[in-house]
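What follows is a short report on a single structure.
The values are calculated or read from the model by the stated rules, or taken from the named source; none is laboratory data. Keep in mind that what you see is a predicted model, and the values were worked out from it rather than measured. A quick note on method: Cβ atoms are made from the backbone with ideal geometry, for glycine too, and the neighbour counts reach across all protein chains shown. SASA here: full protein model, heavy atoms, side chains in, ligands and nucleic acids out. Shrake-Rupley method; radii C 1.70, N 1.55, O 1.52, S 1.80 Å.
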Amino acid sequence: MGQKGDKKRRESSGGGFFMEVEGNRRVILSGCCGIQAYAEDCICLRTPFGAVTVYGEQLEMGCMTVDGATVIGRLQRIEFS
Amino acid sequence: MLSRVMRWFPGWVRVETEGGYPERLLNDLTAAGVPVWHVRRREERTRFSCLAGDYRSLRPLARRACVRMRLRQKHGFPFWRHRYRHRKGLLVGLALYGVILALLAPRIWVVQVVGNTETPTGDILAVARQRGVAIGARMDRLDIKGLQINGPDDLPTLSWITVNPNSCVARVEVTERIPTPEVIDLSVPSDIVALRDGRILRVEVRSGRRLVRDGEAVTAGTVLITGRVETDLGEKLYRSYGEVWAETHRRITVSVPLLYTRPVPEGTVICRPTVSFLCWDFPLYSNSALQGEWIHRQTRHFLTARDMTLPLGVTNDYYLPVVEQKSVRTAGQARVLAEQQLAAQEAALFAPDSYELLTREGEIRDGTYVLTATYRCRENIAAEVPIGQTLPIS
């Protein structure tokens, strides 16, 4: 019962992927699967339901682990594809 | 901040990669469970940080991602230790610091006494020392209960004594006893007699019967207040108690010889330094005996902090050799000295504003300057003696 409930919650919230945006300075992505593209003004991360691309200036990956990543810099826009 | 400290101990490195597929390298690193941080891409170069221990596992992954990898910076304890590996003195100093800290931290460095006004501080320290409160003693071996229970017995002027240990300072706190009023024993019958000749000014009788009137002249030994009281049932004996104020005449004579001997410094001063640390003294001189007469002078140079004297310093004992030499005072010098001695005796004998100087005469007699002064005084001349006894005239 508990496992079914967890699975249901995960599916309804995007397959365990969460994103937290702190102003235009930081984005915390939890549950992402890896990096698709990495440039100075654009970082594209793979997620269970697609790709998330963060655009901005002086972008930097503050922390990157198997559980998630943090993008720091002057954020301009975030795209889901 | 915490993560920085946690990274500092295992050590961390800043890595720069160039060319190839840095995204693939980063994905492989996260898949392999290697945490990276501060990942920054600038043109063709990508920089990131990882733990020093994970650097070796980066090589095969970098080769697979076709990137050239270079170590840019090293931080943390392993690199710091490696940098200072040839400086053994640092390690010895660090170890010495730890040993000194472990040896000295649990000991008493300063003993403070607070709360005493009448009881001498030296007496309090002596009582406290019996219970382990002394410079250099271990703080955890203080017999605080014993001091609280037995301290007031050893020093009857105290009603409470305790010691509050505070890091390396032992603060001895005392409360002085308020003296209980004297209980007059009325069972022993007595008379009040005159202590010296005088003219009665005022008589305050609290117990007994008054025998003299105001203005009456009395001689030493005259009964002023008697304990023999006539009642309807016959004579009853009481203890006499009261004050008899009279005008008296007193004389003080001071003699100062004109010829005297005084010590005169001769020769060089000998300095004997002693280094003190906690309760240990280390004399820095040979223990040879000093010959002849000396004037001894001592100076102490101890470290201080926050108005507290620390138990580390030097005590210098100076010994100045002297010879006895006969000297002669002039009459003026003798007079000044005699006046100083007279003033000291006045302060010791008379209460302030209770006397009046009548005459003062100085003369040189047989090689001595003699200063004689007479006074008119107002004083209590009552002296209690048992009934039937006379006052011993001194």
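Worth a mention:
- Under the convention that each Lys and Arg Cβ holds +1 and each Asp and Glu Cβ holds -1, the size of the dipole of the range B:110-176 around its Cα centre is about 340 debye.
- Percent of beta bridges antiparallel (DSSP, the protein assembly as shown, rounded to nearest 5): 95 percent
- Cα gyration tensor category, rounded, prolate or oblate, for the range B:295-381 with a/c compared to 1.5: oblate
- Per residue of B:205-217, other chain Cβ atoms within 10 Å of the residue Cβ number 0 on average.
- Shape metrics for the range B:2-82, restricted to C-alpha atoms - Rg then Dmax, Å: 12.4, 35
- Binning all Cα-Cα separations of the range B:1-147 at 10 Å, short to long from zero, yields these whole-percent fractions: 9, 24, 16, 11, 11, 11, 10, 7, 1.
- Take the Cα of A:F49, step 7 Å toward its Cβ, do the same at B:L237, and the gap between the two points is 11.8 nm.
- Among B:L26, B:G242, B:G313 the positive-end extreme of the charge dipole of the protein assembly as shown (Cβ point charges): B:L26
- For the range B:110-176, the percent of C-alpha pairs falling in each 5 Å distance bin, counted from 0 to the bin holding the largest distance, reads 3, 20, 37, 25, 12, 3, 0.
- The mean accessible area for residues of chain B, using a 1.4 Å probe and ignoring ligands and nucleic acids, is 64 Å² per residue.
- Fraction of C-alpha pairs exceeding 18 angstrom in the range B:335-394: 53 percent, rounded to a whole number.
- DSSP loop trypsin sites (Lys or Arg not before Pro) with at most 12 other Cβ within 10 Å excluded, longest remaining stretch of chain B: B:88-212
- Mean residue ellipticity, 222 nm, helices only, the protein assembly as shown: the sum of -39500 (n - 2.57) across DSSP H runs of n ≥ 4, divided by residue count and rounded to 500, is -6500 deg cm²/dmol.
- Counting, for every residue in B:41-51, the Cβ atoms of other protein chains within 10 Å of its Cβ and taking the mean gives 2.
- Placing unit charges on the Cβ atoms of the charged side chains and taking the dipole of the range B:110-176 about its Cα centre, the candidate lying farthest along the positive direction among B:V169, B:N150, B:Q130 is B:V169.
- Going from the isolated chain to the complete set of protein chains, the range B:6-24 loses at least 30 Å² of heavy-atom accessible area (1.4 Å probe) at B:E23.
- Across the protein assembly as shown, Cα-Cα pairs farther apart than 40 Å form 66% of the total.
- Candidate membrane-span-like segments in chain B, meaning DSSP H helices with Cα atoms spread over at least 15 Å of their own axis and a Kyte-Doolittle mean of 0.5 or above, are B:88-104, with no membrane implied.
- The range B:178-294: Rg to Rh, with Rh as the Kirkwood radius over Cα pairs: 1.44
- Extent along the principal axes, Cα only, for the range A:16-78: 27, 22, 18 Å, with the longest axis given first.
- The range B:1-47: GluC sites (Glu not before Pro) in DSSP loop, at most 14 other beta carbons within 10 Å: B:E43, B:E44
- The apolar share of the surface of chain B, taken as the fraction of accessible area on carbon and sulfur atoms (1.4 Å probe, ligands and nucleic acids excluded), comes to 54 percent.
- When the alpha carbon gyration tensor of the range B:262-325 is reduced to an equivalent ellipsoid, its three semi-axes come out at 29, 14, 7 angstrom, largest first.
- Computed about its Cα centre, the charge dipole of chain B is approximately 4820 debye, with only Lys, Arg, Asp and Glu carrying charge at their Cβ.
- At most 16 other Cβ within 10 Å, DSSP loop - GluC sites (Glu not before Pro), the range B:214-307: B:E216, B:E266
- Hypothetical label at B:Q389: residues of the range B:204-225 whose amide nitrogen lies under 17 Å (7 Å Cα-Cβ projection): B:221-225
- Hydrodynamic radius (Kirkwood) for the range B:141-214, which is based on Cα pairs only, to one decimal in Å: 17.5 Å
- Under the convention that each Lys and Arg Cβ holds +1 and each Asp and Glu Cβ holds -1, the size of the dipole of the protein assembly as shown around its Cα centre is about 4200 debye.
- When the Cα positions of B:I295, B:A95, B:N116 are compared along the charge dipole of chain B, B:A95 comes out farthest toward the positive end, with charges on each C-beta of Lys, Arg, Asp and Glu.
- Unit Cα scatterers, Debye sum, chain B: log10 I(q)/I(0) for q = 0.11, 0.13, 0.14 Å⁻¹: -1.11, -1.13, -1.17
- Between B and A, roughly 1300 Å² of accessible area is buried in total, ligands, DNA and RNA not counted and the probe set to 1.4 Å.
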